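> Provided herewith is a single structure, encoded as structure tokens, for subsequent inquiry.
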Amino acid sequence: MSKGKLALYWAASCGGCEIAVLGIDEHILDVAKAFDIVFWPCATDGKVRDVEKMPDGSIDLCLFNGGIRTSEQEYMAQLMRRKSKVLVAFGSCAHEGCIPGLANLYNRKAIFDTVYKEGSTTFPENPQDHRPQPITDVPEGKLSLPLFYDTLKTLDQTVEVDYYLPGCPPEAKNIWAALVAVLEGKLPPKGSVIGLHTTVCDECPRKRSEKKIKKFYRTWEIIPDEENCLLEQGLVCCGIATRAGCGALCPQVNSPCIGCHGPNDGVEDYGARLMSALASVIDSQDPEEIQRIIAEGIPDPVGTFYRFSLAASYLRRSKAFGGDGAAAAQPTPLAAKA
Amino acid sequence: MENFEPKIVGFLCNWCSYRAADLAGSARIKYPPNVRVIRVMCSGRVDPAFVLKAFSMGADGVMVAGCHPGECHYIEQNYKAMRRFYMLKQTLVAMGLEPQRFELVWASAAEGQQLAEAIERMTDNVRRLGPLRWAENWADDPQREEALQHIVKEHEEALEVIS
Ligand code: SF4
Ligand code: SF4
Ligand code: FES
């Protein structure tokens, strides 16, 4: 049997997903036995032009991590899509935007202001207020940088995705299970998440007793006991709305789930599901008190309910900073700048 | 903006607010036709996802209306609706939504007049705010096409140089 062809690529992500692949330990040797790794910039020496020269659809499996923040990442998503038979959104960033997607609360201008103007460590001195330009003229010719978008998009908002592997990063055992599913041709229906279908609560050994709460605590405010459900102790535990598959890692070390495996089956908006569930545990019928409990206990609602999934949510981003609207107001064609 | 008529999605409880709207109709109480009514069995049935989806699909405002606290047909569900409402409202405001675009109203089956007034008030507020057009927030960058083509061109040129 000839070997399959495997590619891995990353876009707007932290790099953790690349390392998570190595978490499959000695199975990596099985991967090398079953696949030719044709492209994996993080670990092997391959070039984009090598991929460009491959026939379309010639890569059997591409694990793509990271969201799409720049034109270059969008180009690579399109390229990998064209060249791959099976494209997997690998990890939370590709799947639902993850932490880089939280920057959708702002826009390019606000992000650049933070980095190039107000940033105290990144760029302390920038008196001429230089900003990255898509095209810059230099005596030798034109230099180009990728265009930085106002809104980060998930992989499936950019190209068609065949499967999703959730997690920040995906668990090694789930990565290996997915690879085995590909090798054995036992993949679930196209478009599904490869993994479990229930919630983290189902994997969590803590005792639940339908207790309601009067106050949400921040994690640093209390040391929870190790027996009982964290949510019932007042910590915002997202296990109730999060897909199983990690074995309830965080609650097992006395830390609430923050939702890194995204929504479970049938849920389109993770935050909506979580808000619904949390609203049920608040023990109050008084509007004033309810508002106080929420405002004091959850001072950053978007970051709490959509920590990993803002870019994939129904609303995708904030309105406060507009979207590409800021750019739309005064379009400057690249050519005019060049 | 002068002629802007807001689109407001109203989730009305079958047992009270929906009947209130009905009553307002049969009693010929005038209220603006801006609310697209969706009848639900209880305000507690309104999943935050319904509200978010309505905004993402072009609603300029969303109203949830149910029985007065203590009078829910399903005992406590409108309290649940209330807690969800505040949770969702804080989230939406943090995302830049003007608070007037999302309202919770209690109206019993007999309060056609009150519901009509609430609708009128909300319609006025939203009309003043103007269209929401949430989905335009993530419209493609006007420079996107050009930037993508530029990459293609650069890569083609690079390939020529090598081969
Ligand atoms: S809410 Fe958290 S602590 Fe409670 S059972 Fe679910 S995962 Fe465990
Ligand atoms: S418990 Fe929650 S946050 Fe922790 S690894 Fe599992 S899904 Fe992720
Ligand atoms: S039945 Fe009207 S709000 Fe529950």
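> So, in Å, what gap is there between the alpha-carbon centers of the range B:66-83 and the range A:35-113?
Rounded to whole Å, the Cα centres lie 47 Å apart.
> So, one more: Would you please classify the overall shape of chain B from the alpha carbon gyration tensor, given that a ≥ b ≥ c denote the square roots of the eigenvalues, rounded means a/c under 1.5, and beyond that prolate means a/b larger than b/c while oblate covers the rest?
Judged from the Cα gyration tensor, chain B comes out prolate (a/c at least 1.5, a/b above b/c).
> I would also like to ask the following. What is the fewest-to-most order of A:CYS237, B:CYS67 by other Cβ atoms lying within 10 Å of their Cβ?
B:CYS67, A:CYS237
> Residues with amide H under 5 Å of B:MET41's amide H, sequence separation 5 or more or different chain, H placed in the peptide plane at 1.01 Å from N; which?
HN-HN under 5 Å from B:MET41: B:ASN14.
> Further, regarding this structure: Under a 5 Å amide H to amide H cut-off, with H placed in plane at 1.01 Å, what residues pair with B:GLY10 once short-range neighbours are removed?
Result for B:GLY10 returns B:ARG36, B:VAL37, B:ILE38, B:MET63.
> Calculate one ³J(HN,Hα) per residue across the range A:43-49 by plugging θ = phi - 60° into the Karplus curve 6.51 cos²θ - 1.76 cosθ + 1.60, and present them in order as whole Hz with x for glycine and proline.
These are the phi-based 3J(HN,Hα) values: 10, 10, 8, x, 10, 4, 5 Hz.
> Still on this model: Considering only B:TRP134, B:TYR74, B:VAL51, whose Cα is most displaced toward the positive end of the charge dipole of chain B, charges sitting on Cβ of Lys, Arg (+1) and Asp, Glu (-1)?
Result: B:TYR74, furthest along the dipole toward the positive end.
> Return the long-range amide H neighbours of A:LYS5 (sequence gap of 5 or more, or a different chain), with a cut-off of under 5 Å between placed amide H atoms.
Amide H to amide H, under 5 Å and 5 or more residues apart or across chains, A:LYS5 pairs with A:ASP36, A:ASP60, A:LEU61.
> Going by C-beta contacts inside 10 Å, put A:THR70, A:THR198, B:THR91 in order with the fewest on the left. Intermediate results must be reported in sequence, preceding the final value.
Working: A:THR70 19, A:THR198 12, B:THR91 24.
Fewest-to-most Cβ neighbours within 10 Å comes out as A:THR198, A:THR70, B:THR91.
> Let me know the number of lysine pairs in chain B closer than 27 Å at the Cα, not counting same-chain pairs under 8 apart.
7
> Residue by residue, what Karplus-based ³J(HN,Hα) values in Hz, rounded to whole numbers, does the range A:198-213 have, using 6.51, -1.76 and 1.60 with θ = phi - 60° and x for Gly and Pro?
9, 10, 4, 3, 5, 9, 8, x, 5, 7, 10, 9, 6, 7, 9, 10
> Among A:VAL115, B:VAL37, A:VAL161, rank each residue by its count of other Cβ atoms within 10 Å, from fewest to most, as a rough exposure measure.
Neighbour counts put them in this order, fewest first: A:VAL115, B:VAL37, A:VAL161.
> Over all residues in A:286-293, what is the mean tally of Cβ atoms on other chains that come within 10 Å of each residue's Cβ?
So the per-residue partner count for this stretch is 4.
> Separate question: For the range B:68-119, which GluC sites (Glu not before Pro) pass both filters: DSSP loop (anything but H, G, I, E, B) and at most 15 other C-beta atoms within 10 Å?
B:GLU71, B:GLU76
> Quick check: from the Cα gyration tensor, does the range A:107-148 come out rounded (a/c under 1.5), prolate or oblate?
It is oblate, given that a/c is not under 1.5 and a/b is not larger than b/c.
The numbers here are math on the coordinates, done by the rules we state, and not lab data. Keep in mind that what you see is a predicted model, and the values were worked out from it rather than measured. Cβ sites come from the backbone with ideal geometry, for glycine too, and all protein chains shown count toward neighbours.
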